[in-house]
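The values are calculated or read from the model by the stated rules, or taken from the named source; none is laboratory data. A quick note: this is a predicted structure, and the numbers were derived from the prediction, not measured. Don't worry about glycine lacking a Cβ; one is built from the backbone with ideal geometry, like all the others, and counts go over all protein chains shown. Note: accessible area is taken over every heavy atom of the protein model, side chains too, but ligands, DNA and RNA are not part of it. Shrake-Rupley method; radii C 1.70, N 1.55, O 1.52, S 1.80 Å.
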Amino acid sequence: MTKDLLFDDYELNLLSQKFKILSEPSRLKIIRALFNRELCVKEIIKETGLLQANVSKQLQILANNKIVQCRPKGLQRFYRVIDHTIIDICKSICKSNNTN
């Protein structure tokens, strides 16, 4: 009798990649700042307290992994969360931690 796998190897790889992205507190701060709104880089820096170079680096990682999307407007770039499953994952983890 074979056991049905909860996640196949491909899915485990996807999960691993998402959790790697979520393992960086700077990225989580940016996701939190962008939770319900679109912000320009300057506003993200102000909201998170992170340095500009770090914000730019983390935004690039988030954008490359299709978690945030950039919208240029003139000289500014505005970012917003496009993968709302990330928010759901964060909420689920925090909720389960609060119930223990």
Among (1) -0.50, -0.84, -1.19, -1.25; (2) -0.45, -0.79, -1.23, -1.31; (3) -0.37, -0.72, -1.23, -1.31, the entry derived from the coordinates for log10 I(q)/I(0) by the Debye sum over Cα atoms at q = 0.12, 0.17, 0.23, 0.24 Å⁻¹: (2)
Under 5 Å between amide hydrogens, which residues at least 5 positions from I82 or on another chain qualify, with H placed 1.01 Å from N in the peptide plane? V68, Q69
Rounded to whole Å², per residue accessible area for the chain with a 1.4 Å probe reads 75 Å²
Nearby lysines by direct alpha-carbon distance to K57 (threshold 22 angstrom, same-chain neighbours under 8 apart not counted): K18, K20, K29, K42, K46, K66, K73
Computed magnitude of the charge dipole of the chain (debye, nearest 20; Cβ of K, R +1, Cβ of D, E -1): 560 debye
Once each part is reduced to its C-alpha centroid, what is the distance from the stretch 84-99 to the stretch 2-79 in angstrom? 16 Å
A correct Karplus calculation of ³J(HN,Hα) over the stretch 79-96, with 6.51 cos²θ - 1.76 cosθ + 1.60, θ = phi - 60°, whole Hz and x for Gly and Pro, returns 10, 8, 6, 10, 9, 6, 5, 4, 4, 4, 4, 4, 4, 4, 5, 5, 5, 5
Could you name the aspartates and glutamates whose alpha carbon sits less than 20 Å from that of K95, not counting residues in the same chain fewer than 8 places away? E24, D83
Compute the long axis of helix 52-64 from its Cα atoms, compare it with the longest principal axis of the Cα atoms of the chain, and write down the angle in degrees, 0 to 90, nearest 10. 50 degrees
R0 of 30 Å, Cβ-Cβ distance Q69-I93: FRET efficiency to nearest 0.05: 0.80
Carbon + sulfur, % of accessible area of the stretch 1-90 - ligands and nucleic acids excluded, 1.4 Å: 55 percent
Vicinal HN-Hα couplings computed from phi for the stretch 39-50 (Karplus, 6.51 cos²θ - 1.76 cosθ + 1.60; Hz; Gly/Pro x): 9, 7, 4, 4, 5, 5, 4, 5, 5, 9, x, 8
Helix-derived [θ] at 222 nm for the chain: sum -39500 (n - 2.57) over DSSP H runs of at least 4, divide by residue count, nearest 500? -18000 deg cm²/dmol
